[in-house]
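Trainee: Below is a structure I'd like to ask you about.
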Amino acid sequence: SSAASDVYKRQDPNTWKAKIKISPHYHTEEEKLAFRTQWLKRHAEFLEIETPPDIPLVEWQESLELMDNKNAECFRERGFSAHAIPRGGVIFNPTIPESQYEAYKIAAYECQAMYFPNPEFLTDWSEDQLRVIWDYWDEYYIPCLAAHGLTVDTSERPARETYVATFYTDAEHRWFPSNDGALLTQIPPDVWKTCPKTPPASQFYGLE
């Protein structure tokens, strides 16, 4: 393998630096808690929970990976065989039987409420954040995957400013470096760690 690809094999994604300084959307605990209240209200409606339990926050999760791990742990404490997966999310094995579905919905609500992610992770990306993620994919993520023998097809990728301008107006044709999703199932767990699909939280969300 070339010297360049060896660099990426040893690369630490947390060393990547953005050209633009991002400031967080939320500056006070009150703002974050207000966001959580609204989000949980919608979550309860989505899960069709008539009277959601009042669950105090245990701690903010300062990364999506931490949140997935905490969520899975919380589900396991409630008797569900859940585990977090490297590319994000929680899966159940065996799957949840129909008879357990009501109990699962309450567990999903409670676990989310207790270990709520920092609202920065659930808020729409700003124009500057879109510029940062475009740069990150271009400078780090795509070359990092290439170093591990995985090729991202960039033939349809819009230019940086076009990307920013059309991300919300043309959501249907939104580009991601995933070869229309096919790549996501091909990336081994260790590569997800070396080549995360989003930039470091300090660079992308302005989190300390």
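Trainee: Take the conditions in contact with a strand residue (DSSP E or B) (Cβ under 7 Å, 6 or more places away or on another chain), surrounded by 14 or more Cβ atoms within 10 Å (Cβ to Cβ) and not basic (Lys, Arg) and apply them to Phe80. Does it pass? Even if it seems obvious, please write down each step before you answer.
Mentor: Values: in contact with a strand residue (DSSP E or B) (Cβ under 7 Å, 6 or more places away or on another chain): yes; surrounded by 14 or more Cβ atoms within 10 Å (Cβ to Cβ): yes; not basic (Lys, Arg): yes.
Yes; evaluated as a whole, the condition is true for this residue.
Trainee: Looking at the range 19-28, which of its residues are surrounded by 10 or more Cβ atoms within 10 Å (Cβ to Cβ) and closer than 15 Å to Glu208 by Cβ?
Mentor: Selection gives Ile22, Pro24, His25, Tyr26.
Trainee: Inside the range 90-201, counting only helices (runs of 4 or more DSSP H) that do not spill past its ends, which hold 1 or more residues that are within 30 Å of Glu59 (Cβ to Cβ) and open to solvent by less than 60 Å² (accessible area, probe 1.4 Å)?
Mentor: Correct list: 101-114, 127-136, 189-194.
Trainee: In the range 146-172, which residue that is farther than 22 Å from Asp128 by Cβ and charged (D, E, K, R) is modelled with the lowest pLDDT?
Mentor: Ranking the candidates gives Glu172 first.
Trainee: Could you check how many residues of the range 85-127 are in contact with a helix residue (DSSP H, G or I) (Cβ under 6 Å, 6 or more places away or on another chain) and free of Cβ contacts under 8 Å to residues at least 24 places away in the same chain?
Mentor: 2
Trainee: Something else: Does Asn14 qualify as being closer than 20 Å to Pro200 by Cβ, at pLDDT below 95 and polar (S, T, N, Q)?
Mentor: In short, yes.
Trainee: Which members of the range 34-57 meet the condition of being touching a residue at least 12 places away in the same chain (Cβ under 8 Å) and either in contact with a strand residue (DSSP E or B) (Cβ under 7 Å, 6 or more places away or on another chain) or under 25 Å from Phe204 (Cα atoms) (or both)?
Mentor: Result: Phe35, Arg36, Trp39, Leu40, Leu57.
Trainee: In addition: Tell me which residues, restricted to the range 128-169, are in contact (Cβ under 8 Å) with a residue 24 or more places away in the chain and basic (Lys, Arg).
Mentor: Answer for the range 128-169, where residues must be in contact (Cβ under 8 Å) with a residue 24 or more places away in the chain and basic (Lys, Arg): Arg131, Arg160.
Trainee: Of all residues in the range 45-74, which are of a type in the set (A, V, I, L, M, F, W, C), surrounded by fewer than 17 Cβ atoms within 10 Å (Cβ to Cβ) and either in contact with an Asp or Glu (Cβ under 8 Å, 6 or more places away or on another chain) or part of a helix (DSSP H, G or I) (or both)?
Mentor: Matches in the range 45-74: Phe46, Leu47, Ile55, Leu66.
Trainee: Take Trp39 and tell me if it is open to solvent by 40 Å² or more (accessible area, probe 1.4 Å), outside any helix (DSSP H, G or I) and hydrophobic (A, V, I, L, M, F, W, C).
Mentor: It is false that Trp39 is open to solvent by 40 Å² or more (accessible area, probe 1.4 Å), outside any helix (DSSP H, G or I) and hydrophobic (A, V, I, L, M, F, W, C).
Trainee: Could you check, for the range 75-84, whether at least one of its residues is without any contact (Cβ under 8 Å) to a residue 12 or more places away in the chain, within 27 Å of Glu29 (Cα to Cα) and assigned to a helix (DSSP H, G or I)?
Mentor: no
The values are calculated or read from the model by the stated rules, or taken from the named source; none is laboratory data. This one's a predicted model, so the numbers in the text were calculated from it and none came from an experiment. Positions of Cβ are generated from backbone atoms using ideal geometry, with glycine treated the same way; all protein chains shown enter the neighbour counts. Accessible surface is based on the protein model in full, side chains and every heavy atom, while ligands, DNA and RNA are left aside. Shrake-Rupley method; radii C 1.70, N 1.55, O 1.52, S 1.80 Å.
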